[in-house]
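> Okay, handing you the structure first.
The values are calculated or read from the model by the stated rules, or taken from the named source; none is laboratory data. Predicted model only: the values in this text are computed from it and were never measured. All Cβ positions, glycine included, derive from the backbone under ideal geometry; neighbour counts span all protein chains shown. The area values use the complete protein model at the heavy-atom level, side chains included, leaving out ligands, DNA and RNA. Shrake-Rupley method; radii C 1.70, N 1.55, O 1.52, S 1.80 Å.
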Amino acid sequence: MHKFVRQLITEWRQLGLPFDGDTVVVAVSGGADSVSLLLAMADLVKRKKIGHRIIAAHFDHGLRGTDSDADEAFVRELSTRLGIEYVSERGKLSKKGNLEQNARNARYEFLRRVAVENKAFAVLTGHTVNDQAETFLLNLIRGSGIDGLCAIPVIRPFDNKNTEVFHISNLRSEISELSSPIELVRPLLKWAKRADTEAYCRDREIEFRNDAMNDDPAYKRVRIRKELIPMLATLNPKIVETLAGTAELLSQGSATATIQIHISDELNVSDIARLDKGDLYQLLRTWLGHHRGNTRGLGLKHIKAIERLVFSEKSGRKAEMPGKASVLRKGGKLVYQKI
């Protein structure tokens, strides 16, 4: 058994994931990270170490013309060769707003539908230690709150919409009353680096696909990956592991508050004004993330703008949010509104 596969099954066991009788959807773009994950899962099924039905799911964003077509053909052929079920879809992305975010939303909605239709217990993605480090720096540069600097979770509920209660403990949010039991699992996140996924693909003699958009310096994440991290590596050769470890440490922050806030379009100012600043900021980011579906684009300036509303004695004031939205102080409540 290849070392990469052995590490995956070890992580699978440590995460307490089931071994038999269910369906798992593996998101496969064609890049080294997702391809290595599919190859390793197929190997574990072949060796009867895992007894799940595996479905490879590929979403074609349609952004790169013939290259997109080639990605789809590659994943389809690879899945067939491995004896893995395959589904794909070509999306039509909105040109309004953030293209990266629109692409991500469309991809995850596709994966959710595939999982629901096939009664899968989990969707697997190929996020690695590098993604953890890059996300930490991206959020740090943007001025994120503590939740943005905390580690990306290895497992989280896939669909966290229609929730009813925020429970904030240890400066982290846990969401209950989920509308779907499907889990999003990132089984490579804690131990595999991009070099590991590429090496495993080469050992398996698989020529993975390269997305030219991953080399486009117009995107901040690409500049972080291509320019900032290599520069930091001259000071600390293990900078990727260090940044990922720092994010993990922040996720294990000490307990400072335990409160419950019922979720709706409104927050009672009297309920949240008593919180200390750290917990207030965390709650506001979590509340915004609930309504927006994510916290991308939210910076410290947006949270402070809402904080001013909380402690303002005047009604009718509002704070502008990214994505054509705002938060309005209406009487003793904060109201999230789409513009």
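> Taking into account only those residues within the stretch 1-54 that are of a type in the set (V, I, T) and touching a Phe, Trp or Tyr at 6+ places or on another chain (Cβ under 6 Å), which is nearest to F110 (Cα to Cα)? Can you show your working first?
Going residue by residue through the stretch 1-54, those that are of a type in the set (V, I, T) are 5, 9-10, 23-26, 28, 35, 45, 50, 54.
Checking the rest, the ones that are also touching a Phe, Trp or Tyr at 6+ places or on another chain (Cβ under 6 Å) come to 35, 50.
On the way: V35: 18, I50: 25 Å.
Looking at residues that are of a type in the set (V, I, T) and touching a Phe, Trp or Tyr at 6+ places or on another chain (Cβ under 6 Å), I get V35.
> Working carefully through the options G51, G16, G30, find the one that is in contact (Cβ under 8 Å) with a residue 12 or more places away in the chain and surrounded by fewer than 17 Cβ atoms within 10 Å (Cβ to Cβ).
Values: G16 fails: in contact (Cβ under 8 Å) with a residue 12 or more places away in the chain; G30 fails: surrounded by fewer than 17 Cβ atoms within 10 Å (Cβ to Cβ).
The unique qualifying residue is G51.
> Looking at the stretch 267-295, which of its residues are assigned to a helix (DSSP H, G or I), closer than 19 Å to P153 by Cβ and open to solvent by 20 Å² or more (accessible area, probe 1.4 Å)? Talk me through it step by step, then tell me what you get.
At the first step, the residues of the stretch 267-295 found to be assigned to a helix (DSSP H, G or I) are 269-272, 277-292.
Right, trim to closer than 19 Å to P153 by Cβ and you get 282-283, 285-290, 292.
If the condition is that a residue be assigned to a helix (DSSP H, G or I), closer than 19 Å to P153 by Cβ and open to solvent by 20 Å² or more (accessible area, probe 1.4 Å), then H290, R292 are the ones that fit.
> Against the condition open to solvent by 70 Å² or more (accessible area, probe 1.4 Å) and over 18 Å from G31 (Cβ atoms), how does P230 come out, does it pass?
Details: open to solvent by 70 Å² or more (accessible area, probe 1.4 Å): no; over 18 Å from G31 (Cβ atoms): yes.
Spelling it out, it is not the case that P230 is open to solvent by 70 Å² or more (accessible area, probe 1.4 Å) and over 18 Å from G31 (Cβ atoms).
> Being under 25 Å from the mean Cα position of the chain (by Cα) and at pLDDT below 95: is that true of G21 here?
Working: under 25 Å from the mean Cα position of the chain (by Cα): no; at pLDDT below 95: yes.
Against the criterion (under 25 Å from the mean Cα position of the chain (by Cα) and at pLDDT below 95), G21 does not qualify.
> Of the residues in the stretch 296-330, how many are open to solvent by less than 40 Å² (accessible area, probe 1.4 Å) and not hydrophobic (A, V, I, L, M, F, W, C)?
Of the residues in the stretch 296-330, the ones open to solvent by less than 40 Å² (accessible area, probe 1.4 Å) are 297-299, 302-303, 305-307, 309-310, 312, 319, 321-322, 325-329.
Then keep just the ones that are not hydrophobic (A, V, I, L, M, F, W, C); that gives 297, 299, 302, 307, 312, 322, 326, 329.
Of the residues in the stretch 296-330, 8 are open to solvent by less than 40 Å² (accessible area, probe 1.4 Å) and not hydrophobic (A, V, I, L, M, F, W, C).
> Kindly indicate whether L309 is in contact with a Lys or Arg (Cβ under 8 Å, 6 or more places away or on another chain) and either touching a residue at least 24 places away in the same chain (Cβ under 8 Å) or over 30 Å from R112 (Cα atoms) (or both). Can you show your working first?
Values: in contact with a Lys or Arg (Cβ under 8 Å, 6 or more places away or on another chain): yes; either touching a residue at least 24 places away in the same chain (Cβ under 8 Å) or over 30 Å from R112 (Cα atoms) (or both): yes.
Judged against the criteria, L309 is a match.
> Somewhere in the stretch 69-79, is a residue open to solvent by 60 Å² or more (accessible area, probe 1.4 Å) and touching a strand residue (DSSP E or B) at 6+ places or on another chain (Cβ under 6 Å)? Steps first, answer last, please.
Restricting attention to the stretch 69-79, the residues satisfying the condition of being open to solvent by 60 Å² or more (accessible area, probe 1.4 Å) are 69, 76-77.
Still in the list and also touching a strand residue (DSSP E or B) at 6+ places or on another chain (Cβ under 6 Å): 76.
Checked against the condition, which is being open to solvent by 60 Å² or more (accessible area, probe 1.4 Å) and touching a strand residue (DSSP E or B) at 6+ places or on another chain (Cβ under 6 Å), the stretch 69-79 yields at least one hit.
> Within the set of pairs 6+ apart or on separate chains, which have a first residue in the stretch 223-246 that is at negative phi and of a type in the set (A, V, I, L, M, F, W, C), a second that is part of a loop (DSSP other than H, G, I, E, B) and open to solvent by 40 Å² or more (accessible area, probe 1.4 Å), and C-beta atoms under 7 Å apart?
Here the result reads V240/K193, each pair linking the stretch 223-246 to a residue that is part of a loop (DSSP other than H, G, I, E, B) and open to solvent by 40 Å² or more (accessible area, probe 1.4 Å).
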